[in-house]
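One structure is given below, encoded as structure tokens.
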Amino acid sequence: MDLTYERKNVYKEANKSDVDQMTSYAEGYKKFLDNGKTERETVAETIAIVKKAGYREYKLGEKISPGDKLYYNNRGKSLFLIKGGKADLEKNGIRILVAHVDSPRLDLKQVPLFEKSEIGYLKTHYYGGIKKYQWLTVPLALHGVIVKTDGTKVEICIGEKESDPIFYVTDLLPHLSQEQNEKKVATAFNPEKLNVMVGTVPLQDEDKDAVKKNILSILSKEYGICEEDFLSAEIEAVPALKARDVGFDRSLVASYGHDDRVCAYPEITATLETETEQTVMTILADKEEIGSEGNTGMQCRIIDDLIGCIANSYSVSAAVVRAASKCLSADVTAAFDPSYADVFEEKNVAYLGKGVAMNKFTGSRGKSGSNDASAEYIGYLRGIFKKDNVIWQTGELGRVDLGGGGTVAKYLANLNIDTVDLGVPVLSMHAPYELVSKADLYQAHKAFSAFVK
Ligand code: MN
Ligand code: MN
């Protein structure tokens, strides 16, 4: 036994075949990232993946039997995979993995289109915690749905194909930024200026709002929609960037929305690939970035209802099942950034390439708002990770009282389920293009696999 605790560098521990495995695993992840940039797209993509693995759709209230492989699609925005186990449900409970698939972005407002000095724009209201200036001069794609009064749904995805146009939010040129430069970063960027440019050509023979009318005529021809249809639309402007390897050694992946698809993907692969007697529930949640509210967020009672359905099917008490269940709240944490070392506490922060990171607690100002997992539960997890040679590390979001953040962990813990945060460390979290290590990604897959066994 080592007397001292040192984090392990995954690449130092790995042999050639381990590195090959991490590298090829990351290729699958990159495809997953590029195929689903919104919660709706990620849910649809995951359904396609699990259907191939023999999962079928579950309707609320149906009986669940050992051996069943089911998915419950909650409004196309959150997804629950349920694997009925043969193990004693009252004794072992359910193994729950939960990650979220919504990411920070610019949402279109409900009356988005306007024209100023013959330039057409879409107004946005940002979603989640963003540093506004990071979203300026970045190529943007528009993804989402427009629902018409007869219920028909028009799906939009413009800006991802090489031949597509992209969209754009301007920034001020440095030559004229003297006044802007004097302002505080927090207030220098007015969110009402996060308007997405969409065109400049006026409609012939129109005097007023000719550019806007030309854009509407294009939208009418291509999508069969009019301005009023935006009232019932959910359209998200996201970076029109593909996942790419980073570095001479290709050890990192840059992408939009690692938070939290970098945990969703290993959750899915661990669930599909692991042979287990346990009952497993794997959740892709929505609305985490805005507080897990609403009927697709983790504060929704649907989780309780589904656990109730499982317990009923096995003719056991839901309360007993919940008390015996265990959960990994799979969400990203901040990786130590040497360029900004002073915001971290170096003994307790997670490091890039040193494995999947556990945050015993999140929250802010004295752990406020955190579930603060128990020593007993972490001891149990240390045991199973050790057995399966999972390289993991402990992490803390930043220096005490500097800021902080929360995850869905507390909502699971509030149901009387042992829960702790375990996820991949990220650099530049919530930026349009975030960074993770392939080594940490693969250790997340190993950790989730060990957990559901
Ligand atoms: Mn997250
Ligand atoms: Mn986040």
(message) What distance in nm separates the two pseudo spin-label positions at Glu275 and Ser24, each 7 Å out from Cα along the beta-carbon direction?
(response) 2.0 nm
(message) Modelling each spin label as a point 7 Å along the Cα-to-Cβ direction, I'd like the Phe248/Glu155 distance in nm, to one decimal.
(response) 4.3 nm
(request) Filter the cross-link list Lys30/Lys116; Lys213/Lys287; Lys132/Lys367; Lys30/Lys386 down to pairs whose alpha-carbon distance in this structure exceeds 30 Å. (result) Lys30/Lys116; Lys213/Lys287
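Pop the C-beta distance of Leu176 and Arg75 into the FRET formula with R0 = 60 Å and round what comes out to the nearest 0.05.
Numbers: r = 46 Å, r/R0 = 0.76.
Efficiency, from the Cβ-Cβ distance: 0.85.
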(message) Let's test the formula: R0 of 25 Å, r as the Cβ-Cβ distance of Lys183 and Lys131. What FRET efficiency results, to the nearest 0.05?
(response) 0.95
(request) Rounded to the nearest 500, what is the 222 nm mean residue ellipticity of the chain from helices alone, with -39500 (n - 2.57) per DSSP H run of 4+ residues and division by all residues? (result) -8500 deg cm²/dmol
(request) For segment 105-239, with all protein chains present and a 1.4 Å probe, just round the carbon and sulfur fraction of the accessible area to a whole percent. (result) 53 percent
(request) Considering only protein heavy atoms, with the full assembly of protein chains and a 1.4 angstrom probe, order Ile235, Ile49 by accessible area, largest first. (result) Ile49, Ile235
(message) Quick check: net charge around Asn414, other residues with Cβ under 14 Å of its Cβ, Lys/Arg +1 and Asp/Glu -1?
(response) 0
(message) Using all alpha carbons of segment 157-306, what is the percent of pairwise distances in each 10 Å bin, ordered from the shortest bin to the longest?
(response) 7, 20, 27, 27, 13, 5, 1, 0
(request) Distance from a point 7 Å along Cα→Cβ of Asn190 to each backbone N in segment 416-440: keep the residues under 18 Å and list them by number. (result) none
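Quick one: order Phe361, Phe230 from most to least accessible surface, probe 1.4 Å.
Details: Phe361 50, Phe230 15 Å².
The ordering from most to least exposed comes out as Phe361, Phe230.
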(request) Please identify which residues in segment 402-434 have an amide N closer than 15 Å to a label point set 7 Å out from the Cα of Arg365, following the Cα→Cβ vector. (result) 402-406
(message) Report the Cα centroid-to-centroid distance between segment 252-273 and segment 82-151 in angstrom, as an integer.
(response) 16 Å
(request) Any chance you could run the full-extension gain for Ala375 through Ile218? It's 0.36 nm times the residue separation minus the Cα-Cα distance, nm to one decimal. (result) 50.5 nm
(message) Please list, short to long, the whole-number percent of alpha-carbon pairs of segment 9-60 in consecutive 10 angstrom bins beginning at zero.
(response) 21, 34, 26, 17, 3
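Of all the stretches in the chain, which is the longest one without any exposed loop site, taking GluC sites (Glu not before Pro) in a DSSP loop (any state but H, G, I, E, B) with at most 16 other Cβ atoms within 10 Å?
Numbers: sites that count: Glu6, Glu62, Glu118, Glu162, Glu206, Glu275, Glu277, Glu293, Glu345, Glu346.
It works out to 347-453.
Using the Kirkwood radius built from alpha carbon pairs, what does the Stokes-Einstein equation give as D for segment 105-239 at 4 °C and 1.567 mPa s, in µm² per second?
81 µm²/s
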(message) Taking 0.36 nm per residue of sequence separation and subtracting the Cα-Cα distance, how much length would be gained by fully extending the chain between Asp305 and Asp34, in nm to one decimal?
(response) 94.3 nm
(message) Around Val343, under 15 Å between beta carbons, what's the net of Lys plus Arg minus Asp minus Glu among the other residues?
(response) -3
(request) Provide the FRET efficiency to the nearest 0.05 for the Ile384-Asp342 pair, computing r from the beta carbons and using R0 = 35 Å. (result) 0.45
(request) Could you tell me the distance between the Cα centroids of segment 326-372 and segment 218-241, to the nearest Å? (result) 38 Å
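Under a 1.4 angstrom probe, counting protein chains only, how are Asp164, Asp102, Asp418, Asp150 ranked by accessible area, largest first? Walk me through the numbers before you get to the answer.
Working: Asp164 35, Asp102 0, Asp418 70, Asp150 115 Å².
Solvent-accessible surface, decreasing: Asp150, Asp418, Asp164, Asp102.
On alpha-carbon atoms, Rg over Rh for the chain using Kirkwood Rh?
0.99
Probe of 1.4 angstrom, ligands and nucleic acids ignored: what's the accessible area per residue over the chain, in square angstrom? Walk me through the numbers before you get to the answer.
Details: 21430 Å² over 453 residues.
For the chain, the solvent-accessible area averages 47 Å² per residue.
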(request) Work through the residues other than Gly355 whose Cβ is under 14 Å from its Cβ and net out their charges, Lys, Arg +1 and Asp, Glu -1. (result) +3
(request) Taking 7 Å along the Cα-to-C-beta vector as the label spot, tell me the Lys51-Ile119 distance in nanometres, rounded to one decimal. (result) 4.3 nm
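The values are calculated or read from the model by the stated rules, or taken from the named source; none is laboratory data. Just so it is clear, the structure is predicted and the values come from calculations on it, not from any experiment. With ideal geometry, Cβ positions are generated from the backbone for all residues, glycine too; neighbour counts draw on all protein chains shown. To get the accessible areas, we keep the full protein, side chains included, count just its heavy atoms, and leave off ligands, DNA and RNA. Shrake-Rupley method; radii C 1.70, N 1.55, O 1.52, S 1.80 Å.
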